[in-house]
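Have a look at the structure below before the remarks.
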Amino acid sequence: MSMIFHLVRHAQASFGAADYDNLSPLGHRQSEALGSAMARQGVVPDRVFIGAQKRHRQTWDGMAKGLGCDLEPTVLPGLNEFDFKGLLDARFASEPEPEGVHSDRRTHFRKLRETVLMWQRDEISNPPERFSDFATRVREAREIVGASGARTPIAVSSGGAIGQSVADVMSAPADQMITLQLQVKNCAVARFVIASSGTWLHGFNETPHIDAENVADMLTYS
């Protein structure tokens, strides 16, 4: 038996706010719009999984409303994002932190890319989590979904975990994780076929809730 696994990035969170881990007003609209679009596609989930972060639960709540679904999600901490703030802080613990690294989008994502590549090479002292441990927990979370017996599971996660999962399934070099992560749109869907013989990427960065009429409003990356 095979399954089609839909892995969804959370909707727009609150970049630059004191608590990033909450959806913005637009994020709440995005999540419900995605649920409605998936319902129009005929997606009927039989199991739901979310990371343990607030933005994952909030995204699922909006999706559930749009889908007309009342499934209670199973929480898998392996779907959580890596601690990007803690990782940046660890990198700059012994050198001046660039101005705007936590508040200016351009600076933040440029430095995050550099920092993730250093993290993968074990060049950062005392990171919040070793990259190898991050990669392992992301893989184990996907394996839990694969062993769940579902036919059409949905999971809500974050860009880094999704980038890592896609890179892992594609046997891509480690540095492709951050390249993929920085492409993932808010509320984008990656689809995997999971079967006893293996796992295959079936779709990436899909946004069925976005069209030419609403793209200027609904398309966000952070």
Subject >> Criterion: assigned to a strand (DSSP E or B) and in the same structural domain as residue 62 (by TED's automatic domain parsing) - qualifying residue of 174, 155, 212, 161 >> reply: 155
Original post:
Quick one: is residue 166 touching a residue at least 40 places away in the same chain (Cβ under 8 Å) and surrounded by 15 or more Cβ atoms within 10 Å (Cβ to Cβ)?
Top reply: no
**OP:** Enumerate the pairs (first residue in the stretch 189-214 and among the hydroxyl-bearing types (Ser, Thr, Tyr); second residue anywhere and part of a loop (DSSP other than H, G, I, E, B) and surrounded by 17 or more Cβ atoms within 10 Å (Cβ to Cβ)) with beta-carbon separation below 6 Å, excluding pairs fewer than 6 apart on the same chain, so at least 6 apart or on different chains.
**Re:** 207/185; 207/188
Subject >> Residues that are over 16 Å from residue 182 (Cα atoms) and of a type in the set (Ser, Thr, Tyr), drawn from the stretch 94-140 >> reply: 94, 103, 125, 132, 136
**OP:** Report, by residue number, each residue of the stretch 75-112 that is within 16 Å of the chain's Cα centre (by Cα) and closer than 17 Å to residue 132 by Cα.
**Re:** 77, 78, 79, 80, 81, 82, 83, 84
Original post:
If you scan the stretch 73-86, which residues turn out to be over 19 Å from residue 187 (Cα atoms) and part of a loop (DSSP other than H, G, I, E, B)?
Top reply: 83
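Residues checked against (1) within 30 Å of residue 145 (Cα to Cα); (2) touching a His at 6+ places or on another chain (Cβ under 6 Å); (3) basic (Lys, Arg); (4) touching a residue at least 60 places away in the same chain (Cβ under 8 Å):
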residue: 65; (1), (2), (3), (4): yes, no, yes, no
residue: 72; (1), (2), (3), (4): yes, no, no, no
residue: 82; (1), (2), (3), (4): yes, no, no, yes
residue: 87; (1), (2), (3), (4): yes, no, no, no
residue: 93; (1), (2), (3), (4): no, no, no, no
Original post:
What number of residues within the stretch 87-105 are small (Gly, Ala, Ser), surrounded by fewer than 17 Cβ atoms within 10 Å (Cβ to Cβ) and not in a loop (DSSP other than H, G, I, E, B)?
Top reply: 2
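Do we find that residue 84 is surrounded by fewer than 18 Cβ atoms within 10 Å (Cβ to Cβ), of a type in the set (Phe, Trp, Tyr) and under 28 Å from residue 112 (Cβ atoms) in this structure?
no
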**OP:** Would you mind finding the one in 11, 33, 37, 52 that is assigned to a loop (DSSP other than H, G, I, E, B) and within 15 Å of residue 208 (Cβ to Cβ)?
**Re:** 11
**OP:** Considering every residue within the stretch 140-149, establish whether at least one is part of a strand (DSSP E or B) and either within 19 Å of residue 43 (Cβ to Cβ) or at pLDDT below 95 (or both).
**Re:** no
**OP:** Test residue 207 against the stated conditions and say whether it is over 17 Å from residue 55 (Cβ atoms) and in contact with a Phe, Trp or Tyr (Cβ under 6 Å, 6 or more places away or on another chain).
**Re:** no
Original post:
Quick one: in the stretch 179-207, which of the residues that are in contact with a helix residue (DSSP H, G or I) (Cβ under 7 Å, 6 or more places away or on another chain) and not in a strand (DSSP E or B) is surrounded by the most Cβ atoms within 10 Å (Cβ to Cβ)?
Top reply: 187
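The values are calculated or read from the model by the stated rules, or taken from the named source; none is laboratory data. Because the structure is predicted, anything quoted here is derived from the model rather than measured. Here the Cβ is made from the backbone with ideal geometry for all residues, glycine too, and neighbour counts use every protein chain on show.
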